[in-house]
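The values are calculated or read from the model by the stated rules, or taken from the named source; none is laboratory data. The model shown is predicted, which means the values in this text are computed figures rather than measured ones. Neighbour counts are summed over all protein chains in view; Cβ atoms, including those assigned to glycine, are modelled from backbone coordinates with ideal geometry.
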Amino acid sequence: MIAVLGIDAAWTAKEPSGVALAVRDRHAWKLVAAAPSYDAFLCGPGVALSGRHRGSTPDASRLLRAAETLAGVPVDLVAIDMPLSLEPITGRRVSDNLVSSAYGAKHASTHTPSVLRPGKISDDLRISFDRAGYALATTTVEGPALAEVYPHPALIELAAAERRLPYKASKVAKYWPHDLPGARRERLIETWKQIVAMLDERIDGVESLLSLPAINSKGHEMKAFEDMLDAVICAWVGACILEGNAVAYGDAVSAIWVPRLPSA
């Protein structure tokens, strides 16, 4: 068995970060757990979306121990949606530019990192995992590793889409400016449903663990679901990396891994 921990890491300590754990036996991948925050993941399965989930400073050792307890095996790869680098991040990196060049026409360019955002959070996260034995992978993955991933191009590859999928709750007015708020939310949830179904084809149990929120859910409940969904996407990219179905865009200092699925 092998295991992947996916993390949708917030760029500030005030916002929660989604976490997902997937394992593969000799037959298939399976989603073991998904949580809307570090604390919720550490508390174990059965976390409700109804409460407000708070941000916190991640502790790599605790997350890895909790993941190993749930998976029954040590984590092989940690896949994180967060700018990571072996050198201080002061602006756009080679990895940012390469991904933006490859996916910019599909509206999936990277956000521009800076000294302040994510700043210290990124450095502390990388160092924390490095001390736990998970070095940042920039060209190849050897042994336990940490990898930077990016959900937007990953979903483009998963869906074979012409442009990035409209699945961010905070951008529904931009996606569908002529629709009423209720209709926008319906379209968002339908998009989530489609993404969950595609992921479930790759990782068993995604549909059962990621129950879609109700149309009248509160804003923080919608955000909690989105964070878990992003974490599962990260875990799926990690699975692709371990199976040799991903490309590292970057250099020896930083790289963003994007799935490259075999032709049907």
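Things worth noting here:
- The residues of the range 157-174 that are charged (D, E, K, R) and either under 17 Å from residue 215 (Cβ atoms) or not in a loop (DSSP other than H, G, I, E, B) (or both), listed by number, are 157, 171, 174.
- Members of the range 208-220 that are buried (at least 20 other Cβ atoms within 10 Å of the Cβ) and under 18 Å from residue 55 (Cβ atoms): none
- Enumeration of residues in the range 138-151 that are surrounded by 14 or more Cβ atoms within 10 Å (Cβ to Cβ), over 15 Å from residue 259 (Cβ atoms) and either without any contact (Cβ under 8 Å) to a residue 24 or more places away in the chain or in contact with a Leu (Cβ under 6 Å, 6 or more places away or on another chain) (or both): 145, 146
- For residue 32, the stated conditions do not hold, so it cannot be described as within 19 Å of residue 147 (Cα to Cα), at pLDDT 95 or above and not in a helix (DSSP H, G or I).
- When 132, 159, 154 are checked against the criterion of being touching a helix residue (DSSP H, G or I) at 6+ places or on another chain (Cβ under 7 Å), surrounded by 15 or more Cβ atoms within 10 Å (Cβ to Cβ) and under 29 Å from residue 191 (Cβ atoms), a single residue qualifies: 154.
- Whenever a residue of the range 161-183 is farther than 25 Å from residue 232 by Cα and at pLDDT 95 or above, its partners that are in a loop (DSSP other than H, G, I, E, B) and among the aromatic types (Phe, Trp, Tyr), lying with C-beta atoms within less than 8 angstrom and at least six residues away or across chains, give the pairs 183/176.
- Total residues in the range 200-239, condition within 13 Å of the chain's Cα centre (by Cα) and either of a type in the set (S, T, N, Q) or within 16 Å of residue 150 (Cβ to Cβ) (or both): 13
- Yes/no for residue 75 being touching a Leu at 6+ places or on another chain (Cβ under 7 Å), among the β-branched types (Val, Ile, Thr), crowded, with 20+ Cβ neighbours inside 10 Å and assigned to a loop (DSSP other than H, G, I, E, B): yes
- Index of the failed condition, residue 114 passing every other in (1) within 19 Å of the chain's Cα centre (by Cα); (2) touching a residue at least 24 places away in the same chain (Cβ under 8 Å); (3) under 25 Å from residue 164 (Cα atoms); (4) surrounded by fewer than 15 Cβ atoms within 10 Å (Cβ to Cβ): (1)
- Residue 148 meets each of the listed conditions (1) out of contact with any helix residue (DSSP H, G or I) (no Cβ under 9 Å at 6 or more places or on another chain); (2) in a strand (DSSP E or B) apart from (1).
- All told, residue 125 falls short of being surrounded by fewer than 17 Cβ atoms within 10 Å (Cβ to Cβ) and of a type outside the set (Asp, Glu).
Per-residue answers, yes or no, for (1) of a type outside the set (Gly, Ala, Ser); (2) in contact with a Pro (Cβ under 6 Å, 6 or more places away or on another chain); (3) over 21 Å from residue 231 (Cα atoms):
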{"residue": "73", "(1), (2), (3)": "yes, no, no"}
{"residue": "78", "(1), (2), (3)": "yes, no, no"}
{"residue": "96", "(1), (2), (3)": "yes, no, no"}
{"residue": "105", "(1), (2), (3)": "no, no, yes"}
{"residue": "112", "(1), (2), (3)": "yes, no, no"}
{"residue": "132", "(1), (2), (3)": "no, no, no"}
{"residue": "143", "(1), (2), (3)": "no, no, yes"}
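- Selection status of residue 6, in contact (Cβ under 8 Å) with a residue 12 or more places away in the chain and in a strand (DSSP E or B): yes
- Any hit, the range 177-193, residues being buried (at least 20 other Cβ atoms within 10 Å of the Cβ) and closer than 18 Å to residue 149 by Cβ: no
- Boolean, residue 135 is free of Cβ contacts under 8 Å to residues at least 12 places away in the same chain and touching a strand residue (DSSP E or B) at 6+ places or on another chain (Cβ under 8 Å): yes
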